[in-house]
Amino acid sequence: MRANVTSLVSGTLFGAGLALGGMTNPARVRGFLDLFGNWDPTLAFVMGGALVVMAIAWQIVPRMARPVMAETFQLPSKSDLTPRLIGGAALFGVGWGVAGLCPGPGIAALVIEPVSAAIFVVAMLAGMALVRLTEG
């Protein structure tokens, strides 16, 4: 139960941050990528805010005996970088640039613009199902 409440609060806070930062608006993301046109720096500020939070977290984590909500820390290592992961990240980036949405903002956008966000979310879920079917 505690994990469910924590997940709900974390997801709500994440979605609220996305909405407040304007990241549920695909035009903001595409505007950020339009370096030689009408450039919109909003996404840079959102990323900068995330970097500050993570910089603080990376200073706190080594001082903790264990996480608050888990038995052990699950920290990434360089051995996790595989060609499949790098290819997936590149595909994600291309899709994000074309659609102007990624999974978090896409789901949050269902509340703000349900029809256009639903098209993205359905395509995203179809892609996820396709990967599951082809991985075997």
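A short reminder: the numbers here are calculations on the coordinates, not readings from a lab. Source: prediction; values computed, not measured. Cβ atoms come from the backbone with ideal geometry, glycine included; neighbour counts cover every protein chain shown.
A few points about this structure:
- Calculated percent of Cα pairs over 21 Å apart (choose from [x] 34; [y] 43; [z] 58), label: [z]
- Compared with the dominant Cα axis of the chain, that is its longest principal axis, helix 114-135 is turned about 60°.
- FRET efficiency estimate (nearest 0.05) - Cβ-Cβ, V68 to T42, R0 22 angstrom: 0.10
- Helix 42-60 vs. the chain, principal-axis angle (Cα, 0 to 90°, nearest 10): 10 degrees
- Shown in residue order for segment 70-83 are the 3J(HN,Hα) couplings computed by the Karplus curve 6.51 cos²θ - 1.76 cosθ + 1.60 at θ = phi - 60°: 8, 7, 9, 7, 10, 8, x, 10, 5, 5, 6, 7, 10, x Hz (x for Gly and Pro).
- With a Förster radius of 30 Å applied to the beta-carbon distance between A129 and D80, the computed FRET efficiency rounds to 0.80.
- The shape of segment 1-65 comes out oblate: with a ≥ b ≥ c from the C-alpha gyration tensor, a/c is at least 1.5 while a/b does not beat b/c.
- Alpha carbon centroid spacing (whole Å) that separates segment 24-53 from segment 55-83: 27 Å
- For the pair L35 and L51, the difference between a 0.36 nm per residue extended length and the Cα-Cα distance amounts to 3.6 nm.
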